[in-house]
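Take a look at the structure set out below.
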Amino acid sequence: MNRTEMYKRIAFENGNRFPWYPEECQYLMYKRIAEAEFAQIHNLKRADIECSILDHYSIEINSLELLAGRFSNGFVLTDEQRNIMEKGRGIYEAAGISGGWRNNATGHRVIDYKKLLRVGIKGILAEIDANLEKIDYNSPEAVEKKAFYAASKKSLEAVCRFAKRYYTELIQAAENETESERRQELKRMAENFTHAPFEPCAHFYEALQCMWFVQFCLKLVDDISLTGRMDNYLFPYYKKDIEEGYITEEFAFELIEQLYFKHNEIYCSWPAAIMLGGVDRQGRPVWNTLTYLCVKAIETTGLVNPSVAVCYTEDMPEDLLELCVDMISKGYTRPSIFNDRVIQEGLLEAGVSVEDARYYVHSTCVEITPIACSNIRVATPYININQAFEKVLHRADLNTFEKFSECAKNVAAEIIRKDLTRVCEDMYAQQQYASSPLASAFINDCLERGKDCGAGGARYDFIYPCFPGFVNFVDILAAVKKAVYEEQVLTLSDVAEMCENNFEGNEKWRQYLLNICPKFGNDEDEVDALAKEIYEFIRSELKKYQTSLGGTFHPSYFAWIMHGALGKQTQATPDGRKEGEALSENMGAMQGRDKNGPLAVMRSIEKIDQKYGIGGIATNFRFAKSFIGSDKGKLAVKNFIKVFMDNDCFEIQFNVVDQQDLMEAKKAPEKYRTLLVRVAGYSDYFVNLDPVIQGEIIKRSEHNMI
Amino acid sequence: MTGRVFNVQHFSIHDGPGVRTTVFIKGCNLRCFWCHNPESWEQAMQMQMNRSRCIGCGECVKACPKGKGGHTALFTAECERCGKCADACFAQAITKIGYDVTAEELFSEILKDKDIYIKSGGGVTFSGGEPLLQADFLLAVLQLCKAENIHTALETAGCVPWCVFERILPYIDLIFCDIKSADDQKHKRGTGQSNRLIMENITRMSGRGGNLVIRVPVIPAFNDDEESIKAIADFVSGLPGRHRVELLPFHGICKGKYETLNMNFGAENMKTPENLNWAVQIFENYRIHAHISE
């Protein structure tokens, strides 16, 4: 077993063992709160906490690691420490800041790694100092600005001290190491900390370590920055190192594998995004050696993280697309493939600048956020517009389909309004009480504006409400249209009663609604037109509102795992869906309702103007291994992807797993612990999923053409 | 001009190059006992019954004009194939097989996927059944396809008069024609028809220099022996043109289909041949390129 294989096992186990936020960090955070001397301004409070964590977190170095920065195993809370922690927690909770210190946009943004690597923390500190000098103390904003800069500075300095501790630990570990090869490795690891992150980076290894280290620091302070476009940031360093013989491709690949493992250790199955290819901020194509290595590492690491995606452009190299299809065909569920042209158009439409529109990430599932300048709340909130029907079906005055659909839309609009108001209130509260001093130092234009990224410092403040069950809404309209208004085989109150009683004793009519009424995703113009109408309806509703920071709302059409949760709360629906069953989870047909193959799904969704879905549109396809495993099958899927992109569709993702395996895995989870599936925009281990979601995945139509 | 089809399969990959749309035409004049598409035999509409989908609602019995004693007339001599049972079956346990389309309707269905034909070098494949039994209809659709430059392929058993081929061939880019057995008696036993016309047609097509692929289904206890394959190879090597051979190993996954049609599957207990390399070798000995198809 080589090092990569050994590390894979450890990373998988660690990912499953560690909680989302390690106890030691919680202890250090609450301890600081419990201490008497505490700043009054929330940025400074938060900076104090960040320092407390970074200055005391115990460092651990694993014997297989080439990159430093991992959760430590050794920490066990003493009784005394527990008391302190509980005291701090009490103060924190009594303060009434129930939303926590964290800003909701955390976890879906990418900091300005390019700048970090180019100027180092030193450069950022200098920028802060220059901005501090410029503060006009006669202005009412002076206090906020000064506190913001002071807080970011404190946190940045703590990162540098933490890096120094790592250097010392690594040197110590090297001295204690008896095996000479490993001793050299540890020395080289320590060397990475001699300049970076304080100084600018000069080499690939150093840059990758620096990027990971800052990302790790953010995770320790309960913030997150995703990796984003690493083939772009790191290529100049890689190219120079290769040219100068400083590094080999094999070693660079091993480092990328280690970075992938580390994602699993600290994020477990939280889908942390890496987006490859596409273009840079200047519009130049990014396809390079690192793009290939990053795709290949999906296979050699083979775990759930990172959530690798490729940004498709027409000049994407043919062999790279083939490599992607090869990964997909082997069942790794990644990369997912995004349509750069459509997404750029959508971002421009939303008011994003040309440069920023070129340079975005899919954040976790499919939510598009511009890199290095976003404070975007994605999938906030998950809105279930299908609940509208629980009211609308009982109306006695809807004698035409037009009236029915109008009424359903009005009730849905009210659901949307209420949900958005609630989100704005949360956002406002977090603007007041939450802050991210460390992350803000790397998010544009926080330093320029002297504001925290959650309080108006970030360039983009969109909110992306998500609509799981969108396709149900469409299918419901189509079913009622046919059954009640066209064929008149049922009355609206018949349908209402059936739904209320979960079709008890009415299986025949459930089958009618399910099978005889048309369904979205089969290239049937009439129902597809309803989908277009509802899509436009949602867009125009969201346009009516603004966030508490003046940002705009943009819809998302995926579900993460919420199609299961919301489905549990939703009574039976007139599309033949029974009570408690999951809702639709993507832009394609509702699970199992596509009867005419993958091209028909595409023909249906291409009728929708997908550029308006920058909140994220996922389209799932499931192929049998026997189909996509053959050379002809792979070629067909490659061409399918191209046509999908040519037809202005947003994103495509695949499950390649045989029915048999899924059924077996449900029965005997212990045998299938690493079986990966694509859920609703992201990948997860099948056996970790809720049984409802497992059932939905099994139900999805498998495309197995002959 | 209408024709009768029973399925249009988009995103097919095994019936010619690239991504294809395969049109299954209803009606066949052979009765091969191993046939994968028994629903293609009759040109008349048929009913199919998938018992696992039945919810026992009894609507089919109520709808059947010939039903008695709590049963429909489905699959009995009384059944007039009116399709009322299928119309009443919301669970789609009973479904109708076969529908009529105009050449224009079918063509617009084919045209939908033109983008992926272009990307992948694919096109349309007419399969069946025997497409050449509806030659006028086929010709009308083919002419529309060729006007749009769509690559066309035809799967035929070849058992129609040459004059039919003469009308159709100018519009076909690729032909797949079966040889089931070179021995006429055996051929009659396995398919119900003599192979003479088929062999003649193949010889003529070969002489015409078109793009012809010979398909050989390899069926246990019928032609999966050296002598049968040798006889076929011998015939192919004697053709005026050179042709690729595709060997299609028998498999019994269509068994369920026969059950839903209330038909007997003539190859019920036969097994898929494990290895056909020996057959490939026989063709190689005749310097004919053969490969095993999926």
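The values are calculated or read from the model by the stated rules, or taken from the named source; none is laboratory data. Computed from a predicted structure; not experimentally measured. Glycine gets a Cβ as well: all are built from the backbone with ideal geometry, and neighbour counts include every protein chain shown.
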Exercise. Taking the residues in the stretch B:267-292 that are modelled with pLDDT under 95 and surrounded by 15 or more Cβ atoms within 10 Å (Cβ to Cβ) as candidates, determine which candidate is nearest to the other protein chains (Cβ to nearest Cβ).
Key: B:I292
Quiz item: With B:N7, B:N50 as the choices, which residue is surrounded by fewer than 21 Cβ atoms within 10 Å (Cβ to Cβ) and touching a residue at least 24 places away in the same chain (Cβ under 8 Å)?
Solution: B:N50
Practice problem: Could you tell me which residue of the stretch B:250-266 is nearest to B:G16 (Cα to Cα), considering only residues that are out of contact with any helix residue (DSSP H, G or I) (no Cβ under 7 Å at 6 or more places or on another chain) and away from chain A (no Cβ under 14 Å)? | Solution: B:F250
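A quick yes/no check of all residues on (1) out of contact with any Asp or Glu (no Cβ under 9 Å at 6 or more places or on another chain); (2) under 15 Å from B:F11 (Cβ atoms); (3) modelled with pLDDT of 95 or more:
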site: A:F558; (1), (2), (3): no, no, no
site: A:H563; (1), (2), (3): no, no, no
site: A:M587; (1), (2), (3): no, no, no
site: A:Q591; (1), (2), (3): no, no, no
site: A:D594; (1), (2), (3): yes, yes, no
site: A:G597; (1), (2), (3): yes, yes, no
site: A:Y612; (1), (2), (3): no, no, yes
site: A:G629; (1), (2), (3): yes, no, no
site: A:L635; (1), (2), (3): no, yes, yes
Quiz item: List pairs: first in the stretch A:131-152 and of a type in the set (A, V, I, L, M, F, W, C), second surrounded by fewer than 12 Cβ atoms within 10 Å (Cβ to Cβ), Cβ under 7 Å, 6+ apart or cross-chain?
Solution: A:A142/A:D136
Quiz prompt | Near pairs, Cβ below 6 angstrom, 6+ apart or cross-chain, from the stretch A:1-22 (among the polar types (S, T, N, Q)) to any residue that is outside any loop (DSSP other than H, G, I, E, B) and modelled with pLDDT of 90 or more | solution = A:T4/A:E257; A:N14/A:E265
Practice problem: With respect to B:G207, determine if the residue is touching a Pro at 6+ places or on another chain (Cβ under 9 Å) and of a type outside the set (F, W, Y). | Solution: yes
Quiz item: Inside the stretch B:20-42, can you point out the residues that are touching a strand residue (DSSP E or B) at 6+ places or on another chain (Cβ under 6 Å) and not basic (K, R)?
Solution: B:T21, B:T22, B:V23, B:F24, B:I25, B:E39
Quiz item: Just one of the numbered conditions (1) facing chain B (nearest Cβ under 10 Å); (2) surrounded by 23 or more Cβ atoms within 10 Å (Cβ to Cβ) is not true of A:N620; which one?
Solution: (1)
Quiz item: So which of A:F650, A:F627, A:F644, A:F640 ends up being under 29 Å from A:I463 (Cβ atoms) and within 14 Å of chain B (Cβ to nearest Cβ)?
Solution: A:F644
Exercise. Give the residues of the stretch A:348-372 that are within 16 Å of A:F650 (Cβ to Cβ) and either in a strand (DSSP E or B) or in contact with a helix residue (DSSP H, G or I) (Cβ under 8 Å, 6 or more places away or on another chain) (or both), sorted by residue number.
Key: A:L348, A:E349, A:A357, A:Y360, A:V361, A:I368, A:T369
Exercise. Quick one: which residue in A:N620, A:N647 is without any contact (Cβ under 8 Å) to a residue 60 or more places away in the chain, within 25 Å of A:E367 (Cβ to Cβ) and not acidic (D, E)?
Key: A:N647
Practice problem: Evaluate the following for B:T21: is it of a type in the set (S, T, N, Q) and either away from every other protein chain (no Cβ under 14 Å) or buried (at least 21 other Cβ atoms within 10 Å of the Cβ) (or both)? | Solution: yes
Quiz item: If you go through the stretch B:98-126, how many residues are hydroxyl-bearing (S, T, Y) and in contact with a strand residue (DSSP E or B) (Cβ under 8 Å, 6 or more places away or on another chain)?
Solution: 4
Quiz prompt | All positions within the stretch B:31-60 that are closer than 28 Å to B:E109 by Cα and in a loop (DSSP other than H, G, I, E, B) | solution = B:C35, B:H36, B:N37, B:W41, B:E42, B:Q43, B:A44, B:M45, B:N50
Practice problem: Being under 24 Å from A:R593 (Cα atoms) and among the β-branched types (V, I, T) is the filter; apply it to the stretch A:503-561 and report the residue that is farthest from the other protein chains (Cβ to nearest Cβ). | Solution: A:I561
Quiz item: When you scan the stretch B:151-196, how many residues do you find that are assigned to a loop (DSSP other than H, G, I, E, B), touching a residue at least 40 places away in the same chain (Cβ under 8 Å) and aliphatic (A, V, I, L, M)?
Solution: 4
Practice problem: Hey, can you tell me all the residues within the stretch A:164-207 that are outside any loop (DSSP other than H, G, I, E, B) and of a type in the set (A, V, I, L, M)? | Solution: A:L170, A:I171, A:A173, A:A174, A:L186, A:M189, A:A190, A:A207
Quiz item: Taking the stretch A:45-88 as the search range and keeping residues that are surrounded by 16 or more Cβ atoms within 10 Å (Cβ to Cβ) and among the basic types (K, R), which one is modelled with the lowest pLDDT?
Solution: A:K45
Self-check item: the stretch B:116-129, subset more than 9 Å from every other protein chain (Cβ to nearest Cβ) and in contact with a helix residue (DSSP H, G or I) (Cβ under 7 Å, 6 or more places away or on another chain), residue nearest to A:N639 (Cα to Cα)
Solution: B:G123
Practice problem: Specify which of the listed residues (A:G588, A:G580) is in contact with a helix residue (DSSP H, G or I) (Cβ under 6 Å, 6 or more places away or on another chain), on the phi > 0 side of the Ramachandran plot and assigned to a loop (DSSP other than H, G, I, E, B). | Solution: A:G580
Practice problem: Specify the residue that is surrounded by the fewest Cβ atoms within 10 Å (Cβ to Cβ); the eligible residues are those in the stretch A:487-525 that are part of a helix (DSSP H, G or I) and among the hydroxyl-bearing types (S, T, Y). | Solution: A:S493
Practice problem: Evaluate the following for A:E579: is it surrounded by fewer than 23 Cβ atoms within 10 Å (Cβ to Cβ), at pLDDT 95 or above and under 30 Å from B:C89 (Cα atoms)? | Solution: yes
Exercise. Assess whether A:D223 counts as being exposed (fewer than 15 other Cβ atoms within 10 Å of the Cβ) and of a type in the set (D, E).
Key: no
Exercise. Those residues that are surrounded by fewer than 20 Cβ atoms within 10 Å (Cβ to Cβ) and touching a residue at least 60 places away in the same chain (Cβ under 8 Å), I need them from the stretch A:27-44; list them, please.
Key: A:I41, A:H42, A:L44
Self-check item: Residue match in the stretch B:243-256 (condition: farther than 25 Å from B:N37 by Cβ and out of contact with any strand residue (DSSP E or B) (no Cβ under 8 Å at 6 or more places or on another chain))
Solution: no
Exercise. Just give me the residues in the stretch B:80-115 being within 23 Å of the chain's Cα centre (by Cα), part of a loop (DSSP other than H, G, I, E, B) and within 10 Å of chain A (Cβ to nearest Cβ), in sequence order.
Key: B:K112, B:D113
Self-check item: Single match in B:K26, B:K84, B:K96 (criterion: surrounded by fewer than 19 Cβ atoms within 10 Å (Cβ to Cβ) and at negative phi)
Solution: B:K96
